[in-house]
Amino acid sequence: MSGNGKATTAKDNNLTWHDHKVTKEVRAAQKKQKPCVIWFTGLSGSGKSTLANALEAKLVEMGHHTYLLDGDNVRHGLNKDLGFSDTDRIENIRRIGEAAKLFVDAGIIVITAFISPFKSDRQMARNLLGQGEFIEVHVDAPLAVCERRDPKGLYAKARAGQIRQFTGIDSPYEQPESPELRLNTGELDVASCTALLASELSKRGLI
Ligand code: ADP
């Protein structure tokens, strides 16, 4: 922000983009992989963190270089100034998208696990990346299943009115219309979901 409260742009601040000798392609080639973002979206308790962890372990075992950006962890650091209002949720996802893009530039396979409830925000993250670099995975379990699991006790708190603006209860979740992959974690177990993820990435030539 400038002194007059208006958002400033890179141009206003006399910023120039520098092209460096070591490019994204060089970094990716050095790691012998195709960098991309595997973007998990879904309700709290749907299984994003569980699957992100399982997938990262599998990719590392295969010799890939990865980084996992996980909801709660990012809110402890980079995004600790943000809450859960619509405006803050949008900024949360914008920063995560930009961070993921930096990791892709570094040649890394990035896995993100955020509810990311708004279609427009997921689209914004997708737009930051190149063609074929953004793999949206809808971790899709019915609300009733997520609520029964309630791994962090958050649904109970939301129902009791102790948490406001909780996705699925009093804040909307906009379903992805055409994600690259949809996993029904209400019916499939973790091992089956991980195998489906690996086969989708392989089919796309990413691993
Ligand atoms: P989120 O990150 O989406 O909030 P978590 O991964 O923290 O969700 O919790 C999901 C819970 O559901 C875990 O307790 C996990 O063991 C369980 N679960 C059952 N089946 C699956 C599945 N197929 N994929 C992921 N998690 C599952």
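The values are calculated or read from the model by the stated rules, or taken from the named source; none is laboratory data. These numbers were taken from a predicted model, which means no experiment stands behind them. Positions of Cβ are backbone-derived with ideal geometry, glycine not excepted, and every protein chain shown enters the neighbour counts. For accessibility, only protein heavy atoms count, side chains too; no ligands or nucleic acids. Shrake-Rupley method; radii C 1.70, N 1.55, O 1.52, S 1.80 Å.
Out of the residues in the stretch 162-183 that are touching a helix residue (DSSP H, G or I) at 6+ places or on another chain (Cβ under 9 Å) and open to solvent by 60 Å² or more (accessible area, probe 1.4 Å), state the one that is farthest from Gln131 (Cα to Cα).
Gln162
Please count how many residues of the stretch 91-149 are charged (D, E, K, R), more than 26 Å from Arg27 (Cα to Cα) and open to solvent by 20 Å² or more (accessible area, probe 1.4 Å).
Qualifying residue count for the region: 6.
Inside the stretch 109-140, can you point out the residues that are assigned to a helix (DSSP H, G or I) and of a type in the set (S, T, N, Q)?
Filtering the stretch 109-140 for residues assigned to a helix (DSSP H, G or I) gives 119-128.
Passing the criteria: Ser120, Gln123, Asn127.
Please specify each residue of the stretch 151-191 satisfying the condition of being closer than 26 Å to Thr87 by Cα, within 13 Å of the ligand (Cβ to nearest atom), part of a loop (DSSP other than H, G, I, E, B) and touching a residue at least 24 places away in the same chain (Cβ under 8 Å).
Correct list: Lys152, Phe166, Gly168, Tyr173.
Exactly one condition in (1) free of Cβ contacts under 8 Å to residues at least 60 places away in the same chain; (2) surrounded by fewer than 15 Cβ atoms within 10 Å (Cβ to Cβ) is not met by Gln30; state its number.
Every listed condition holds for Gln30 apart from (1).
Working only within the stretch 141-150, note down all residues that are in contact (Cβ under 8 Å) with a residue 24 or more places away in the chain and more than 10 Å from the ligand (Cβ to nearest atom).
Of the residues in the stretch 141-150, the ones in contact (Cβ under 8 Å) with a residue 24 or more places away in the chain are 141-143, 145-147, 149-150.
Selection gives Pro142, Leu143, Glu147.
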